[in-house]
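The values are calculated or read from the model by the stated rules, or taken from the named source; none is laboratory data. Because the structure is a prediction, the values reported are computed rather than measured. Cβ: placed from backbone, ideal geometry, glycine included. Neighbour counts: every protein chain shown. Surface areas here come from the heavy atoms of the whole protein model, side chains and all, with no ligands, DNA or RNA. Shrake-Rupley method; radii C 1.70, N 1.55, O 1.52, S 1.80 Å.
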Amino acid sequence: MAQQKISLTRYLVEQQRADGLIPGQLRLLLEVVARACKSISQAVNKGALGGVLGTAESENVQGEIQKKLDIIANEVLIEANEWGGHLAAMASEEMDSIYVVPNRYPQGEYLLMFDPLDGSSNIDVNVSIGTIFSVLKKPDEHPGVQESDFLQPGTQQVAAGYCIYGPQTTLVLTVGNGVAMFTLDREQGSFVLTQEDIQIPVDTKEFAINMSNMRHWDEPMKRYIDECLAGKEGPRGKDFNMRWIASMVADVHRILMRGGVFMYPWDKREPEKAGKLRLMYEANPMSWLVEQAGGAATNGKQRILDLKPTKLHERVSVMLGSRNEVERLTQYHAEKA
Ligand code: AHG
Ligand code: MN
Ligand code: MN
């Protein structure tokens, strides 16, 4: 008999049975997010034919010009998730404040955060982009829901993942029991389990950083990259390779598949900003996935998952991936301090 394919639905049901890691509401939530990602994937695929490329005439709360697909992806996620009874509220890169589930629908116990489309600069040039999401439980201290309910450290996540729209559409997920990957089977219209228990090699010869910002970096960051660039003749004694896709999803996906280290550090361009990437819906979910795959994630000084957020759109310095490289980065930052 041919080996049976395991769909996302079956995977979730089995996880629910085996480890009790996925209560019914969370399972529904993950299925709904996956369904939304399927329709975002369709829109992304159509590209110019669907009239979805280009810039919208708006800015988001972070002062970034929105692309049409940023807005479409945001709407798809909200519409898919608001009526199921599994959520209390949502928050997104593309919305100033939280979106409370309208009271015509039942209120659930979860909070969903997302970057509806990561890698906006790559949309129009047909390079991989993706959706990143993070799920928290609403604290039950008080009725209703408010922004402060979202401000929990990444260690409190109950599920996290991303869907990458590349040559394949791949959903990558953790519920705290390792990392699993599902590939979208377009004929069947379902996500099929294609890899389980993903492990990031502890060592690597590959790094990802936007080198054009080098002159703005802090000293430990410069030191780390200088040593990589020095190659075999330098203190590291090996040659390094560099990759920068400019979509965090795509760079992190590569790291989950073959190791590497990804960095978007604080820099002097806007010193008051902790970094470019957002803690709650970019750094936290990616850090948890990476840790679940045996890697590490830090802001240079602290484990990202331990940071206590102070606001929804908080930014953070990010270094994540192969464990020994992340430890070296932490050590260089500590030596300077
Ligand atoms: P977004 O498109 O959601 O705003 O995020 C883009 C982020 C991240 O995906 C990527 O790693 C980084 O910005 C790229 O920044 P540069 O343009 O500075 O390379
Ligand atoms: Mn992003
Ligand atoms: Mn985005």
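Summary of values
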| quantity | calculated |
| --- | --- |
| Lone cysteines, the chain (no partner Cβ under 4.7 Å) | 228 |
| Area accessible to solvent at residue 123, 1.4 Å probe radius, in Å² | 10 Å² |
| Region 8-195 shape via C-alpha gyration tensor axes, a/c threshold 1.5 | oblate |
| Two-site FRET efficiency, residue 269 against residue 202, from Cβ-Cβ distance with R₀ of 35 Å, rounded to 0.05 | 0.60 |
| Folded to 0 to 90 degrees: helix 219-229 orientation relative to the chain principal axis, Cα | 80 degrees |
| In region 206-336, lysine pairs closer than 14 Å at Cα, eight or more apart or cross-chain | 5 |
| Long-range HN-HN contacts of residue 206 with modeled amide H, under 5 Å | 241, 261 |
| Residue 125-residue 39 pseudo-label distance in nm [points 7 Å out on the Cα-to-Cβ vector] | 3.1 nm |
| Projected label distance in nm at residue 302 and residue 6, using a 7 Å step from Cα toward the beta-carbon | 3.6 nm |
| Calculated from backbone phi, Karplus (6.51, -1.76, 1.60) coupling profile of region 91-106 in Hz, x at Gly/Pro | 9, 9, 4, 8, 10, 4, 10, 6, 10, 7, 4, x, 6, 6, 10, x |
| Accessible area per residue, Å², region 228-326 with all protein chains present, probe 1.4 Å | 38 Å² |
| Estimated translational D of the chain in µm²/s (Stokes, Kirkwood radius over Cα pairs; 25 °C; 0.890 mPa s) | 120 µm²/s |
| Per-peptide average of other Cβ atoms within 10 Å, ordering 312-323, 228-239, 161-172 highest first | 312-323, 161-172, 228-239 |
| 24 Å Cα cut-off, lysine pairs counted over region 8-195 (separation 8 or more, or different chains) | 5 |
| For residue 64, distant residues with modelled amide H under 5 Å away | none |
| Whole-angstrom gap from region 62-108 to region 208-285, using each part's C-alpha centre | 30 Å |
| Inter-probe distance in nm under a simple model that places probes 7 Å from Cα toward Cβ, at residue 156 and residue 55 | 3.8 nm |
| Rounded to the nearest 20 debye, dipole of the chain from Cβ charges on Lys, Arg, Asp, Glu | 620 debye |
| Span per principal axis, largest first, for the Cα atoms of region 206-336 (Å) | 45, 32, 27 |
| Check: region 8-195 dipole with +1 on Lys, Arg Cβ and -1 on Asp, Glu Cβ, in debye | 700 debye |
| Gained length - residue 146 relative to residue 331, 0.36 nm times residue gap less alpha-carbon distance | 62.8 nm |
| Stretch gain in nm, segment residue 64-residue 211, where the contour uses 0.36 nm per residue and the Cα spacing is subtracted | 50.8 nm |
| Using θ = phi - 60° and Karplus 6.51 cos²θ - 1.76 cosθ + 1.60, couplings along region 111-125 (whole Hz; Gly, Pro as x) | 10, 10, 10, 8, 9, x, 9, 9, x, 3, 5, 9, 4, 6, 9 |
| Whole-Hz ³J(HN,Hα) from phi, Karplus 6.51 cos²θ - 1.76 cosθ + 1.60, for region 29-40, glycine and proline x | 4, 5, 5, 5, 4, 4, 5, 4, 4, 4, 6, 5 |
